[in-house]
């Protein structure tokens, strides 16, 4: 194992298999359906989540992990012989998870140094930062070097999406600049951007097909990219977006993920997202 271990939270749509293969510890957030509270990915699978959302009357809510959950992950790394931990958290502007992880890092500082990195991202974009941290740790990088690597990659990462309903964003209090859309959803298909860690309105498209074409244009006009990710929240037309991206960006093999419960609780079914990182140049 590398000297630096990697921890993240379950908003990271890396996939349990990829996380396990890389020895990444995933700390679950909680998903609430009314009075019922379930640990993301351990007590509630992504499929079970979307089945509930699309068929049930109760809208889900999310809650950050406890400091104890992060402390357990950090001390577990120390027990496994790690010299330090990098913890990649979902955007601090969308969740208290980052603050909780920072508190836990302070509590274990006498046992193991922990760098808590605010990804200002979600889903596959957060996941690719986790992969980058794991790769850098495997190459022997230290905490400061990994943090600098992640900061550089974050500055080149873009995240866009189109959603079917504003109800989930509105009720979850995650709308940001997208609040300007209230009252106009019936006539448009909004494209939102995770910008500076918050959800902002990026554009208004008249149809779903135009929204998908617009998302595709974002990556096709971006120049060289290191990776492209497609995020689907129970969206029937996810395959269409994947095909459009492959056609628009020759040689591209998008990383396709199902939006997990943490992000899906705030965007709802029918969400399609696109994320990518532009290639760094000397």
Checklist entry - Going highest first, how would you order 271-280, 64-73, 217-226 by mean Cβ packing within 10 Å? => result 271-280, 64-73, 217-226
Next on the checklist: Using only Cα atoms and rounding to the nearest 10 degrees, what angle (0 to 90) does helix 123-138 make with the longest principal axis of the chain?
Outcome noted: 30
Checklist entry - Using a simple spin-label model with points 7 Å from Cα along the Cα→Cβ vector, what separation in nm is obtained for residue 207 and residue 93? => result 3.3
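For the chain, report the translational diffusion coefficient in µm²/s to the nearest whole number, using Stokes-Einstein at 37 °C, 0.692 mPa s, and a Kirkwood Rh over Cα pairs. Spell out each step's value before the answer.
Numbers: Rh = 19.1 Å.
Approximately 172 µm²/s, per Stokes-Einstein.
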Checklist entry - How far, in degrees from 0 to 90, does helix 143-154 lean away from the longest principal axis of the Cα atoms of the chain, to the nearest 10? => result 10
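Given the rule -39500 (n - 2.57) for each run of at least 4 DSSP H residues, summed and divided by the residues of the chain, what is its mean residue ellipticity at 222 nm, to the nearest 500 deg cm²/dmol? The partial results should precede the final answer.
Working: 10 runs with 105 residues, N = 282.
Calculated from helices alone, the mean residue ellipticity at 222 nm is -11000 deg cm²/dmol.
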Checklist entry - In degrees between 0 and 90, to the nearest 10, how far off the longest principal axis of the chain does helix 67-79 point, with axes built from Cα atoms? => result 50
Checklist entry - Where the centroid of each part is defined by its Cα atoms, how far is segment 90-114 from segment 235-275 in Å? => result 30
Checklist entry - Given the options 54, 157, 46, which has the most mean-square fluctuation in a GNM of the chain, springs set between C-alpha atoms less than 10 angstrom apart? => result 54
Checklist entry - Is segment 1-77 best put as rounded, prolate or oblate by its Cα gyration tensor, with a ≥ b ≥ c the root eigenvalues, rounded for a/c under 1.5, and otherwise prolate when a/b is larger than b/c, oblate when not? => result oblate
Item to check | Label-to-label distance, nm, for residues given as residue 51 and residue 224 (7 Å Cα→Cβ offset) | outcome: 4.6
Next on the checklist: Quick check: residue separation of residue 106 and residue 42 times 0.36 nm, minus the Cα distance between them. What number comes out in nm?
Outcome noted: 20.4 nm
Checklist entry - What order, most packed first, do the peptides 249-255, 149-155, 80-86 have when packing is the mean number of other Cβ atoms within 10 Å of each residue? => result 80-86, 149-155, 249-255
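Coordinate-derived values only; no laboratory data. Keep in mind that this is a model prediction, so the values were computed, not measured. Because the Cβ atoms are built from the backbone with ideal geometry, glycine has one as well, and the counts that use them run over all protein chains shown.
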